[in-house]
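The next block holds one structure in the form of structure tokens; read it before the comments.
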Amino acid sequence: MVHRDTEMTQTAPFPAQKPAPLPQSFYLRPTLDVAVDLLGKQLVRIESNGDLTTGIIHEVEAYIGEDDLGCHARSGRTLRNEAMWGPPGHAYVYFTYGMHWLLNAVTEAEGFPAAVLLRSVIPRNGIDRIRTRRKPQPDHLLTNGPAKICQAFAIDEAHNHASLYHPAGALTIRPGLAVDPAWIQTSARIGLNTVPEPWKSIAWRFFIPPQHLKN
DNA sequence: AGCACGATTAACT
DNA sequence: GTTAATCGTGCTC
């Protein structure tokens with residue numbers, strides 16, 4: 001299989017030069033720890049034809065258990081949300097607003113529903129492909145939203161339950177940039193408009209302002 | 001069976 | 001700042 005890339009600076013073939021995916025054990029930890037540690041990591045999409053698209057994760061949110069009234073698990077296990085009860089390190093991809101897909105990484109032990117929503121990445125490889133999939137706009141607006149990521153990386157229901165740690169997987173998360181803890185900011189989670197307190201305001205959103213990641 | 005709404009986005013005033 | 005788009009899901013009747 002030939003791996004192609006649009007970056008002029010890319011010389012060695014993928015994945016030889018790329019680090020191995022984060023192991024499943026990375027995700028088998030408290031969700032808040034996983035969320036913080038996902039900042040600076042690389043989201044890596046390899047399509048069946050070898051096309052490579054990657055980006056640096058810099059904004060995430062944690063959703064933790066049935067007691068978290070902002071989490072889809074609040075209404076119990078259903079066909080839609082069952083991936084959150086599954087093994088850690090797999091994808092939970094769901095459809096919302098009648099048109100958008102959103103990507104989460106499942107965390108904690110199998111049987112406990114929790115996940116980290118990927119809200120924003122900075123494109124690294126495959127920017128031309130991202131520009132094609134997204135509507136024309138400035139680069140900094142191409143992947144700065146959870147549904148934008150899925151559109152830019154061609155992620156949909158086919159990836160629900162998929163492993164994020166299998167080296168040959170279509171969708172993996174791999175080591176990326178070193179992160180200075182001082183860069184990390186927190187806030188309430190976005191879009192939980194009708195969720196009761198304290199869940200609406202709890203600071204389970206973690207992000208790094210993009211200027212820190214200009215490497 | 002019907003209905004309100006969503007872990008959003010883009011376009012609009 | 002506001003709002004349409006667009007439909008699967010979960011809740012009510």
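Only one of A:Q211, A:Q137 is assigned to a loop (DSSP other than H, G, I, E, B) and without any contact (Cβ under 8 Å) to a residue 40 or more places away in the chain; which?
A:Q137
Taking the condition under 17 Å from A:I190 (Cα atoms), touching a helix residue (DSSP H, G or I) at 6+ places or on another chain (Cβ under 8 Å) and not in a strand (DSSP E or B), does A:D37 pass?
No.
Evaluate segment A:154-161: report whether one residue or more is β-branched (V, I, T) and in contact with a strand residue (DSSP E or B) (Cβ under 8 Å, 6 or more places away or on another chain).
Looking through segment A:154-161, at least one residue is β-branched (V, I, T) and in contact with a strand residue (DSSP E or B) (Cβ under 8 Å, 6 or more places away or on another chain).
Take the residues in segment A:58-83 that are crowded, with 17+ Cβ neighbours inside 10 Å and within 13 Å of A:E157 (Cα to Cα), then tell me which one is farthest from DNA strand C (Cβ to nearest atom).
Among those residues, the one meeting the criterion is A:A83.
Can you tell me which residue in segment A:84-97 is farthest from A:A20 (Cα to Cα), limited to those that are in contact (Cβ under 8 Å) with a residue 60 or more places away in the chain and crowded, with 23+ Cβ neighbours inside 10 Å?
A:Y92
Among what's in segment A:111-164 and is buried (at least 21 other Cβ atoms within 10 Å of the Cβ) and of a type in the set (G, A, S), pick the residue that is farthest from DNA strand C (Cβ to nearest atom).
Ranking the qualifying residues of segment A:111-164, first place goes to A:G126.
Which of the residues belonging to segment A:98-107 are crowded, with 20+ Cβ neighbours inside 10 Å and closer than 22 Å to A:D67 by Cβ?
A:N104, A:A105, A:V106, A:T107
Would you mind telling me which numbered condition in (1) within 16 Å of DNA strand C (Cβ to nearest atom); (2) within 17 Å of A:A62 (Cβ to Cβ); (3) not charged (D, E, K, R) A:W204 fails?
Failed condition: (1).
If I filter segment A:165-194 down to residues being β-branched (V, I, T), part of a loop (DSSP other than H, G, I, E, B) and modelled with pLDDT of 95 or more, which single residue comes out as farthest from DNA strand C (Cβ to nearest atom)?
By that ranking, first place goes to A:V179.
Any residue in segment A:56-79 that is assigned to a loop (DSSP other than H, G, I, E, B), β-branched (V, I, T) and more than 30 Å from A:R129 (Cα to Cα)?
Yes, that holds for at least one residue.
The values are calculated or read from the model by the stated rules, or taken from the named source; none is laboratory data. Computed from a predicted model, the values in this text were never measured in an experiment. Glycine gets a Cβ as well: all are built from the backbone with ideal geometry, and neighbour counts include every protein chain shown.
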